[in-house]
Amino acid sequence: MTGAGDGGGSKPRIWHQSVNELDHLAVYKRALEAHAAEILGNDAELIVHGLPSGSYGGASATAVLGNAYAYHRILGRVIDNAIKAEREGYEAFVIGSFSEPFLREIRSAVDIPVASLTESGLLVGCSLGRYVALVSNAPAVQWMTKVAVDKHGLAARVLDVVALDPPLDEPALAAAYADPAPVIGNFAAAAERLVARGADVIIPAEGVLAELLVRHGVREIAGAPVIDVFAVAWAYALMEVRLWSRAGLRVGRSWHHRRDDPAVVARLWEESVR
């Protein structure tokens with residue numbers, strides 16, 4: 001692996017994987033690209049990728065991914081994309097969704113840093129306060145986020161995971177970029193209730209929602225910081241790139257991310273892309 005982290009001279013490239021069909025959410029993609037340029041500057045280059053048009057059959061990700069079978073069939077390609085990213089020389093892979101598809105499987109398949117919005121947001125949030133609370137866009141994402149919290153063993157540090165009321169899917173949130181006040185008010189009301197219950201830190205737990213809040217300067221509510229989950233995930237990925245190259249850090253391969261024979265991964269990937 002070459003790049004800025006190890007003196008290679010070029011900027012490391014980071015693959016950002018959204019689980020949305022970004023050709024239908026152009027305002028969101030443009031916002032992510034501008035945001036990444038602001039956060040990463042000359043330290044890294046981030047390339048935003050989405051899922052192919054038609055992946056959700058005309059529905060939104062929120063409407064479909066609550067079904068476990070659909071989740072598996074649609075998001076399984078994210079694993080292949082991570083392998084593709086490694087083969088194309090990317091230095092890191094970011095899972096840009098609180099659905100956090102196949103994090104364990106991806107880390108078992110590649111030997112580059114893999115960061116996720118959920119995990120990095122939770123870990124950084126735990127460094128900023130005793131209790132973290134998350135606000136998602138809809139009940140389906142709220143449930144997936146609760147599952148992710150449990151998976152990461154952080155339930156004791158999470159006060160609650162709630163959803164906007166009324167809920168909003170990704171196209172509705174993207175449309176709100178032109179008139180954000182109602183969504184910001186909805187989010188702020190939910191966050192204020194969580195802070196009143198004891199939350200120290202608020203995490204927006206959906207990508208299009210989180211980017212809307214960043215775009216309009218929502219950084220604190222009722223004394224609690226509102227985490228910029230994209231800035232955190234990208235900075236986390238870049239930190240790992242540097243630790244990979246400068247300190248020799250790697251994923252543990254004994255148990256959870258076991259990878260005894262990388263050739264097996266290579267063979268399965270090649271079969272899947274034929």
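The values are calculated or read from the model by the stated rules, or taken from the named source; none is laboratory data. In this text, all values refer to a predicted model and were calculated from it rather than measured experimentally. No Cβ is skipped: glycine too gets one built from the backbone with ideal geometry, and neighbour counts run over all protein chains shown. Protein only, heavy atoms only, side chains kept; ligands, DNA and RNA dropped before computing areas. Shrake-Rupley method; radii C 1.70, N 1.55, O 1.52, S 1.80 Å.
Summary of values
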read-out	value
Proximal lysines to residue 84, defined as alpha-carbon separation beneath 20 angstrom and excluding residues fewer than eight positions away on the same chain	11
Additional length obtainable on full extension of the chain from residue 88 to residue 256, 0.36 nm per residue less Cα span	57.9 nm
Rounded to whole Hz, the Karplus (6.51, -1.76, 1.60) HN-Hα couplings of the range 190-200, x for glycine and proline	5, 5, 4, 5, 5, 5, 4, 8, x, 6, 8
In order through the range 103-113: 3J(HN,Hα) via Karplus (6.51 cos²θ - 1.76 cosθ + 1.60), integer Hz, x for Gly, Pro	4, 4, 4, 5, 5, 7, 9, 10, 10, 10, x
Residue-normalised accessible area of the range 37-113, expressed per residue, 1.4 Å probe, Å²	41
Charge dipole (the chain, unit charges on Cβ, about Cα centre) - positive-most of 125, 262, 208	262
Residues of the range 145-160 with amide N under 17 Å of a point placed 7 Å along Cα→Cβ from residue 128	157-160
Integer Hz, Karplus 6.51/-1.76/1.60 couplings in order for the range 42-57, x for Gly and Pro	8, 7, 7, 10, 10, 10, 8, 10, x, 8, x, 4, x, 4, 9, x
Over the range 55-179, relative contact order from alpha-carbon pairs under 8 Å, at least 6 apart, %	24
Distance between the range 41-57 and the range 180-210 - C-alpha centres, whole angstrom	25
Backbone N within the range 199-218 under 18 Å of label point (7 Å from residue 30 Cα along the Cβ vector)	208-209, 211-217
Under 16 Å from residue 151, Cα to Cα: aspartates and glutamates that are on another chain or at least 8 residues apart	100, 105, 119, 160
DSSP bridge orientation in the range 118-268 - percent antiparallel, rounded to nearest 5	15
Within the chain, percent of DSSP bridges classed antiparallel, to nearest 5	10
For peptides 109-120, 244-255, 68-79, sequence by mean Cβ density within 10 Å, most packed first	109-120, 68-79, 244-255
For the range 119-224, accessible area per residue (1.4 Å probe, heavy atoms of protein chains only), Å²	41
Accessible carbon and sulfur surface of the chain relative to its total accessible area, %, 1.4 Å	53
